[in-house]
Each structure stands twice: as structure tokens, then as C-alpha cells.
Amino acid sequence: MDSSTIASDYPRRLLLGPGPSNAHPRVLAALARPLLGHLDPLFVELMEETKSLLRTVFATANALTFPISGTGSAGMEACLVNLLEEGDEAVIAVNGEFGRRMTDIVERAGATVVAVEVPWGRPVLPDDVKSGLARATRPKLVAVVHAETSTGASSPIAEIAPVVRDSGALFVVDSVTSLAGMPVRVDEWGIDACYSGTQKCLSCPPGLSPVTFSPRALESIRGRKSKVRSWYLDVTMIERYWGAERVYHHTAPISMNFALAEALRMVVEEGLDARFARHRANHRALAAGLEALGFGFVVDAPYRLPMLNAVTLPAGVEEAPLRRRLLDDFSIEVGGGLGPFRGKIWRIGLMGESCRAANVLALLGALEDMLPAAGASVEPGRAIAAAEAAYGTVAGRE
Ligand code: PLP
């Protein structure tokens, strides 16, 4: 087989890992639309529509709301390097891989990190942030990951926000995994900078990072004494392209923007509340089925993410070979653990388009089929029955 044959023969995967999730055919079709120039009036119209749809999804009126060209990490870096200058201090909550990544970016920006270390698998709680603030002298910002994809923990941003507000620091929130899968209310919660990614609950291929900055964050950026340490991610320059001036900064990734606009339209057509309810219902059914099979949850029930289920495997079952069989024999992808969880857990994503009852039942059916050979005793039909019971009526399934 030459490489072109291989490329056109990729199997259809059911993507139930930590991202990317499956994209809807409407979104994939958008990628194949004829290109427009990045200053074409039709593309400008699409930019305005995208900004407006993003404001709806972020629940914000922030004027500076647009997709950064790059994946979620580019959004993370854009928020931090624009808000921080050399010598500034940042309180960063670290309860997994992505909080840790933020500390690295802050150091590279020449600022000082006050890390709030929280055990992996635990949410960041208001008292954790208070203790970090107490160790800081003049914190410029506090940053928290809403949905820690490496552990499956959800941190209560609404409860942390007042603690940050009282300190006078800016509040930066990572919503890469949470946006469009669970409530993210930027204005109501008083978030100053929030970034996300396209490939999780927005169900668009990876490649763009929606961001939003509050007027207070923008004022802080405009008041900088030094240039932003990244030319590409300097929002004062990018703003001139995404705002009324339409001044060229870099060539926008046209096709990705087509896809994001289509994905956002689909989110708004479904309705945010209905989408959140769908994520919760499928999570509940998956959890019931997995527990019936002997999987255990890493995170305590009140703090579990609906879209990312971090689970230990039934006693005696090795994770990597089973994960590989699931991919090879059933074309279903789930994720392994990162950092201290490597080799110990699975991360099962139910994000956006992938978050469907049919997919939950397909995964549970595959596991029922495979687990006996992997060394676990399984009562046939038990996991599916547990999931069915959690769904209740057929009408409640989506
Ligand atoms: N933040 C969180 C919570 C994530 O889950 C991810 C990716 O999984 C990122 C940031 C980084 O995003 P990307 O891999 O798209 O650069």
C-alpha cells in the first residue's frame, strides 16, 4: 500500500477519548468549502457571526471574543502572555497536567508562579485559592482549569470567583474541555480571560482556540509597560484584524473558521441547556454501566466531569492491551492516563457529537464482550441493563 491508499482508507473511529471528539458531517463538509480570502467581505461576515456565536456559548458580552489560530494551548498562552509582564506574579492552581502547563508558560513569560498544588483527581476549591493568594504578594492574576482533562475533575469556578474578585486579581479560566458541554458563564462568574479548544465539546477538528477577554483584562493589556512576549499571540495586534479595522496580522485559517462557525451554529441550534442535559444523561448511563463492570471512578461524584470519565479498570485487567483491542477490534478510541495516572486509568470522553446514547451502549457492549478474555468476570448484559436503567425512558436518550 502506498501512503495515499493508507490515507484514504482510514477507518471510521468512534472517538471516546480526551479529544478530539467526532465531528458532525455538517462540520466536515464546511472544511471542504471553496476558499475565500481572509479579507473577503463574505469571510468578514463569517468572522462577525463567529464572534457573536462565541459570545453566546461563553455567555458573555465581551467585545474581544474570537478564535485564536492554534489549538487550546495557543489560547492558554495567549491569555497568559498578554496579561503578564516580567516581574508579575500569578497564582496558578495545579490539579493536573493542564494547570502544570500554565505554570510553564507563566515562567517563560518572565513572571513568578505561586503554584497551588492540589492532588490529582481532586477539584480546586475556594480554600485552595485562598491559600495561594495568602502566599502571594501582589498577584496579577489567578488561573484555574475548569475541567481537568487529565483527571476528570471539575472545579467549581462560580465558588472560586468571589475569592479571586476580593483579591483584586484578574481571573483566568481554562474551558478547553468544559465549553459547550457544561455551563461556562464568563460574565456572571466574573471571569476576565477564558480560552477553549475546538476539538472537545464543540466537536470541530483541532486547530482553533476560542478566547474572550473582559474590558478589565483589555484595560490591563493596554496599560502594559512592555511588549507582549509573543508576536503571533499579541491580542492588541490580532484585535485589529478581528475588530472593525480589518488590518492584516496573519492569514486566518479559512477552512477551520468555516468549520468552527458550522459547529457553533449546531451548538446554538441544539440549545446550550439541552446540550448540557445530554452530556449529563449520557455520563450517568455510562457511569452506571462501567460500575456494573467493576470500573471505579477517580473523582468523587459531586466533582466528576460529565464529558471526561477518569476510571480505574476492573481488578486484574491490564489497561493498555485492552485499550488496543478496543481500537483494533471495535474501532473505539479511549484515552490512557497521563503523568502519575499513566498505565493506571482510562479517560473516556463523551464530548459533543461523540456524546450519544448509541455510543455509550456500543462501548459498554464492546467491554462486556472483551473483559472475560482480559481476566474479569462479567455477567452478560448487566452493564447495558444498568445503563438502560439510568436512561429511564427511551425518549430520554439522545
Ligand atoms: N487545557 C485542557 C483542559 C485540555 O484538556 C487541553 C488539551 O487536551 C489543553 C488545555 C491543550 O489543548 P491543545 O491540546 O488543543 O493544545
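The values are calculated or read from the model by the stated rules, or taken from the named source; none is laboratory data. Quantities reported herein were computed from a predicted structural model and do not represent experimental measurements. Positions of Cβ are backbone-derived with ideal geometry, glycine not excepted, and every protein chain shown enters the neighbour counts. SASA here: full protein model, heavy atoms, side chains in, ligands and nucleic acids out. Shrake-Rupley method; radii C 1.70, N 1.55, O 1.52, S 1.80 Å.
Tell me which residues, restricted to the stretch 175-199, are away from the ligand (no atom under 14 Å from the Cβ) and crowded, with 24+ Cβ neighbours inside 10 Å. Give the derivation first.
Filtering the stretch 175-199 for residues away from the ligand (no atom under 14 Å from the Cβ) gives 183, 185-192.
Once the filter is applied, which keeps residues that are away from the ligand (no atom under 14 Å from the Cβ) and crowded, with 24+ Cβ neighbours inside 10 Å, the stretch 175-199 yields V186, I191, D192.
If we scan the stretch 140-147, do we find a residue that is away from the ligand (no atom under 16 Å from the Cβ), in a loop (DSSP other than H, G, I, E, B) and either open to solvent by 10 Å² or more (accessible area, probe 1.4 Å) or charged (D, E, K, R) (or both)?
no
For the structure I just gave you, tell me whether T151 is hydroxyl-bearing (S, T, Y), away from the ligand (no atom under 11 Å from the Cβ), at pLDDT 95 or above and more than 12 Å from the chain's Cα centre (by Cα).
Working: hydroxyl-bearing (S, T, Y): yes; away from the ligand (no atom under 11 Å from the Cβ): no; at pLDDT 95 or above: yes; more than 12 Å from the chain's Cα centre (by Cα): yes.
Judged against the criteria, T151 is not a match.
Of the conditions (1) assigned to a loop (DSSP other than H, G, I, E, B); (2) closer than 28 Å to Y10 by Cβ, V299 clears all except one; give me its number.
In the conditions (1) assigned to a loop (DSSP other than H, G, I, E, B); (2) closer than 28 Å to Y10 by Cβ, V299 misses (2) alone.
Taking L322, is it more than 27 Å from V184 (Cβ to Cβ), open to solvent by less than 50 Å² (accessible area, probe 1.4 Å), part of a helix (DSSP H, G or I) and in contact (Cβ under 8 Å) with a residue 60 or more places away in the chain? First the steps, then the outcome.
Details: more than 27 Å from V184 (Cβ to Cβ): yes; open to solvent by less than 50 Å² (accessible area, probe 1.4 Å): yes; part of a helix (DSSP H, G or I): yes; in contact (Cβ under 8 Å) with a residue 60 or more places away in the chain: no.
The answer is no for L322.
Taking the condition of being part of a loop (DSSP other than H, G, I, E, B) and either closer than 24 Å to R275 by Cβ or open to solvent by 30 Å² or more (accessible area, probe 1.4 Å) (or both), how many residues in the stretch 200-230 meet it? Talk me through it step by step, then tell me what you get.
First pass over the stretch 200-230, keeping only residues part of a loop (DSSP other than H, G, I, E, B): 200-207, 214, 223-230.
Remaining after also requiring either closer than 24 Å to R275 by Cβ or open to solvent by 30 Å² or more (accessible area, probe 1.4 Å) (or both): 200-207, 223-227, 229.
Selection size over the stretch 200-230: 14.
Only residues that are open to solvent by less than 10 Å² (accessible area, probe 1.4 Å), of a type outside the set (A, V, I, L, M) and more than 13 Å from L367 (Cα to Cα): list them for the stretch 277-310, please.
R278, H279, N282, N309, listed by residue number.
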